[in-house]
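The values are calculated or read from the model by the stated rules, or taken from the named source; none is laboratory data. Because the structure is predicted, anything quoted here is derived from the model rather than measured. A quick note on method: Cβ atoms are made from the backbone with ideal geometry, for glycine too, and the neighbour counts reach across all protein chains shown. For accessibility, only protein heavy atoms count, side chains too; no ligands or nucleic acids. Shrake-Rupley method; radii C 1.70, N 1.55, O 1.52, S 1.80 Å.
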Amino acid sequence: MKNYTTLYNYFFILIISFVTISCSSNEEEITTEIIIPSNYEFLRDGVSTVSFSGQTTRLKQVDEIYLALNSNSYTEAQLDEMFTDGAGFTDATLNGTGKNVRGKTSAGCAAGSSATQAQFDEQIADFANNVVPAWSNDASAGVAGKLTDATRSIHVNAKGHEIDQTFVKGLIGGMGVDQIVNNYLQPCQLDSGSRTDDNTNGILSGDKNYTDMEHKWDEAFGYLYGQEEDAKRADLGSSPTGNGTTLNKYFKKVNDSNQPGIAEIVYNAFKKGRAAIVAGDYTVRDAQANIIKINLSKVVGYKAVDYLNGYMDKMGAGNTADAFHALSEGYGFVMSLQFTNDGNESPYFSKSEVDAMLAKMDDFWTVQDSDLTSMVGDIKSKFGI
Amino acid sequence: MGLSLTVFYFRIMKYLKSIFCFFLIVLTILACSKDSEDEIDQVPQFDRSSILENYADNIIIPRYNDFKSELDKLKIAVDDFTQSPNTSNFDQLHEKWLSAYKKWQYVEMFNIAKAEEIMYFNTINTYPVDEIRIKENINSQKNDLSNSNDWSCQGLSGVDYMLHGFGISKDEIIQKYKDDSNYGDYLENLLAIMTSNTADIIQDWSTYRNTFVQSSGNSNTSSLNILTNDFIYYFEKGLRTNKVAIPVGYFSGGNILPEKIEAYYSSKNSFEEVSKDLAKEALIASENLFVGKSSNGSTGASLKTYLDYLHSNDVSKENLSPIIINNFQKANDALDQLNENFIDQINTDKSKMLNTFDKLQAIVVNLKTDMLSLLSIQVDYIDADGD
């Protein structure tokens, strides 16, 4: 049996070679072979062409906003300054970089919605104006304040939302996933203007060592891996650190439990797609982009399901604060669903579908398990998870 | 390429084998579930009640009594200080607070029976404290602290704030107590709650002890299962997460939160750097429970002797206890490397704190994954991963 298989394989390779050779000889253009490196490192004349420091900055800004939303010492103006202006951070290296989070929230070139941006603004306002003043009051239905059970203490708005969670989990889709799947991996970024020709002809971006197209792809990479201490290590694909409070953290969790191996799939697609750009093969590039779009979208799907279920389990155990915490995460991940991409340039759930779900779970004090259960079912079936 | 007869034969055999295996499994399940209900005791030879007896008589009850006697001394010191707020009474009070806090480390893990019912550990050691709410409680002379939001306003962590949180010098703080008797009243009330709850628990153990020891089976409601789960939950959450992981930023994307250390105010306002001492006591307490060591140094039946028994009966089973003891040593060494002042340690070099986390995490895996699997005990709580 084994020998037959081997022979068969040889034969197969032989046929493929013929096909390939006959195809290549027909083509006018000279296509370079796609060389996929063992790690995410690409060189031009021995110098790295990979850069995504702007993404690292934005992800760190989100981490600080998350902390600020866990504290009672910030005003609405201060929170807005961080979110909108990219200023006012404790870590001085995050200030005045020209980078901010809001400008990249629900701002993909392929989608984007100012109405959704406004939802994030409203959360900040609600937190600063209603939650902070009631920081140590007892929360109850319709009353903002503090909620404690045997597992944790949280500060919630009148509807029971823990806003650091709704906000940052919303940004995982609203900034992280959206910027990758609906922006930097999209032709409206990669191929904009003369970028395709420039890349094909090796014309670099200003005085940089990379082409614009290479850089756009790396910026997508940075929204996922920007807080890895060493994004060039060989095992980045199999073991993301989960550093930071945003996409990488949940990417790692999903890889550890829901779907082992998903991280490697995404990583390999990032590498192969980038190598395809170097080789000028845009068909392969776009195929890899699709793999990334679908799989990063699934991370959002998995976590939305986990946290909606988590809420019901925790309520069942009698831990209201822990349950509201989970539902706040779930709320944010449901918000994030509208920023997914199914590989055919549609989100798995549209904005109106997402808003309808959010409306059903709006008041945590009265939310119905039956509604959550049906959402869980819808999400699982859409994503096939 | 058609299938040869031989291949066909093997396929059929494989198929039949699968069916056979399936029936065997079904039969096994049926046979087991019939006479054991929830009991899944694989090693009836080992007398679990011997561990329970040693734990109850030589560790849990004596440790509660140790804590109670320190708490009683603390109460006297509080009485003295509130009657005469002066430097020497303050020093005495600080010293008794620390002694009681150290003894507390030996009982926090026993969240069982009465302690669980009254949320004892939440009322004694919830931190960070809620400064705003404590101030409001003091001003409104609030005595009823039973609302769960008041857990962060009382206990030994509450006393830390009451003693060290209102100023950066003794004089400044003493003055508060001189100027406003509500401060002293609040402090007195914190001690009244702690001593009363502790007395209730000790009283309860006098009768609960026999129930505890006799529940020697292996179901989710058996004593050893509950106690072992409580112990591991404590080690994971109370020790690893609260004392180390949260302050060093492990659960906040690397953003450090030094204000969330245990006994924060004593370090912050330079009274005494005690957080490391408390963490070390907690680690010793955990190892002592594992090896069955009582406060007078003698050892008896324990999770360790249980593991050793399993290994000696079946050497194919992992010899786990030497690994765990070695990892306790490593965690202790890692703690020794830390600055007495955790705030400084976290601010200046968090890598040593993260190293301590790693060493504690290794023990969590040993206990929660390896040990529970060998003992056939199920985890009864959801991961305390803090996110």
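Figures for the structure shown
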read-out: Qualifying residue in region A:303-319 (condition: charged (D, E, K, R), within 30 Å of A:N199 (Cβ to Cβ) and open to solvent by 10 Å² or more (accessible area, probe 1.4 Å)); value: no
read-out: Failed item, numbered, when B:F166 is tested on (1) in contact with a Lys or Arg (Cβ under 9 Å, 6 or more places away or on another chain); (2) open to solvent by 10 Å² or more (accessible area, probe 1.4 Å); (3) within 14 Å of chain A (Cβ to nearest Cβ); value: (3)
read-out: Enumerated helices (runs of 4 or more DSSP H) restricted to region A:280-368, each holding at least 2 residues that are of a type in the set (F, W, Y); value: A:282-316, A:320-336
read-out: Which listed residue is open to solvent by 50 Å² or more (accessible area, probe 1.4 Å), over 30 Å from B:N347 (Cβ atoms) and more than 14 Å from chain B (Cβ to nearest Cβ), from A:A125, A:A115, A:A92; value: A:A115
read-out: Selection count where residues are open to solvent by 40 Å² or more (accessible area, probe 1.4 Å), closer than 27 Å to A:Y267 by Cα and assigned to a loop (DSSP other than H, G, I, E, B), scope region A:42-77; value: 2
read-out: Residue match in region A:336-343 (condition: at negative phi and either open to solvent by 50 Å² or more (accessible area, probe 1.4 Å) or modelled with pLDDT under 95 (or both)); value: no
read-out: Hits in region A:34-63 (condition: touching a residue at least 12 places away in the same chain (Cβ under 8 Å) and among the aliphatic types (A, V, I, L, M)); value: A:I34, A:I35, A:I36, A:V47, A:V50, A:L59, A:V62
read-out: Region B:233-289, residues that are away from every other protein chain (no Cβ under 14 Å), closer than 21 Å to B:I377 by Cβ and in contact (Cβ under 8 Å) with a residue 60 or more places away in the chain; value: B:F235, B:L239, B:R240, B:A285, B:S286, B:N288, B:L289
read-out: Residues (open to solvent by less than 50 Å² (accessible area, probe 1.4 Å) and touching a Ser or Thr at 6+ places or on another chain (Cβ under 9 Å)) located in region B:279-301; value: B:A279, B:N288, B:L289, B:F290, B:V291, B:G292, B:G300, B:A301
read-out: Within region B:57-121, helices (runs of 4 or more DSSP H) holding 2 or more residues that are within 15 Å of B:G158 (Cβ to Cβ) and under 16 Å from the mean Cα position of the chain (by Cα); value: B:87-104
read-out: Matching residues, region A:137-172, being buried (at least 21 other Cβ atoms within 10 Å of the Cβ), in contact with a helix residue (DSSP H, G or I) (Cβ under 6 Å, 6 or more places away or on another chain) and small (G, A, S); value: A:A144, A:G160, A:G170
read-out: Criterion (within 18 Å of the chain's Cα centre (by Cα) and open to solvent by 10 Å² or more (accessible area, probe 1.4 Å)) met by exactly one of B:K317, B:K352, B:K330, B:K260; value: B:K260
read-out: Qualifying residue in region A:95-104 (condition: within 27 Å of A:Y331 (Cα to Cα), among the hydrophobic types (A, V, I, L, M, F, W, C), modelled with pLDDT under 95 and within 20 Å of the chain's Cα centre (by Cα)); value: no
read-out: Test: B:K276 is open to solvent by 20 Å² or more (accessible area, probe 1.4 Å) and part of a helix (DSSP H, G or I); value: no
read-out: Failed item in (1) open to solvent by less than 40 Å² (accessible area, probe 1.4 Å); (2) in contact (Cβ under 8 Å) with a residue 60 or more places away in the chain; (3) among the basic types (K, R), with A:K272 passing the rest; value: (1)
read-out: Within region A:80-99, tally of residues that are part of a helix (DSSP H, G or I), within 17 Å of A:I124 (Cβ to Cβ) and not charged (D, E, K, R); value: 3
read-out: Selected residue (criterion: surrounded by the fewest Cβ atoms within 10 Å (Cβ to Cβ)) from residues of region B:106-124 that are on the phi < 0 side of the Ramachandran plot and away from chain A (no Cβ under 13 Å); value: B:K114
read-out: Test for A:L67: is it within 14 Å of chain B (Cβ to nearest Cβ) and in contact with a Lys or Arg (Cβ under 9 Å, 6 or more places away or on another chain); value: no
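So that you can scan it fast, the table gives a plain yes or no per residue for (1) surrounded by fewer than 20 Cβ atoms within 10 Å (Cβ to Cβ); (2) part of a helix (DSSP H, G or I); (3) within 14 Å of chain A (Cβ to nearest Cβ):
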position: B:N137; (1), (2), (3): no, yes, yes
position: B:Q141; (1), (2), (3): yes, no, no
position: B:Q203; (1), (2), (3): yes, yes, no
position: B:N225; (1), (2), (3): no, yes, no
